[in-house]
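See below for the structure under consideration.
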Amino acid sequence: AYVVTDSCRGCRYTECVTVCPVECFHLDESMTYIDPENCIDCGGCAPICPVGAIHPSWQMPAGKAEWIAINKSRAAETPVIAAKLPPLPGADEQAKRLAS
Ligand code: SF4
């Protein structure tokens, strides 16, 4: 499955939701999570994320492997997000920080 990492936290642009064919994104007040039971590994969401927060579970960046389990548990506890929402306040500033 694909996995949302902490780079999403505080941004939550939700572009990912517009491309996912199976509605496997869930969200809470700070970020999105992918339900690994539903993800079909299409890969559509990773390149569209403005902050590069999404990675395949078999290719996690160094130090981010814990997000595999976090996505699984948080997706089970949070509602599905089916349509894009406005990003969180401060998202553009955070995206710039992550890119620099
Ligand atoms: Fe959805 Fe495809 Fe991303 Fe999985 S890889 S979360 S199916 S868009």
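Determine which residues of the range 47-74 fall in the zone a paramagnetic label at residue 30 would reach in this model, i.e. backbone nitrogen under 20 Å from the point 7 Å along Cα→Cβ. The answer is 50-55, 61-74, whose backbone nitrogens lie closer than 20 Å to the label point. Note on 78, 32: ascending count of other Cβ atoms within 10 Å places them as 78, 32, the fewest first.
Dividing the convex hull volume of the alpha carbon atoms of the chain by its residue count, what do you get in Å³ per residue? Kindly include the intermediate steps, with their values, before the conclusion.
Numbers: hull volume 8.6 nm³, N = 100.
Dividing the Cα hull volume of the chain by its residue count gives 86 Å³.
Any idea how far the Cα center of the range 1-43 sits from the one of the range 66-100, in Å? Comparing the Cα centres of the range 1-43 and the range 66-100, I get a distance of 7 Å. For the chain, adding -39500 (n - 2.57) for each run of n ≥ 4 DSSP H residues and dividing by the number of residues yields -8000 deg cm²/dmol at 222 nm.
Label point of residue 18 set 7 angstrom out along Cα-Cβ; within the range 55-98, amide nitrogens under 16 Å from it belong to 82-88, 92.
Every number here is computed from the coordinates shown, using simple stated rules; none is lab data. Fair warning: this is a prediction, and the values are worked out from it, not measured in the lab. Please note: Cβ atoms are built from the backbone with ideal geometry, for glycine as well, and neighbour counts cover all protein chains shown.
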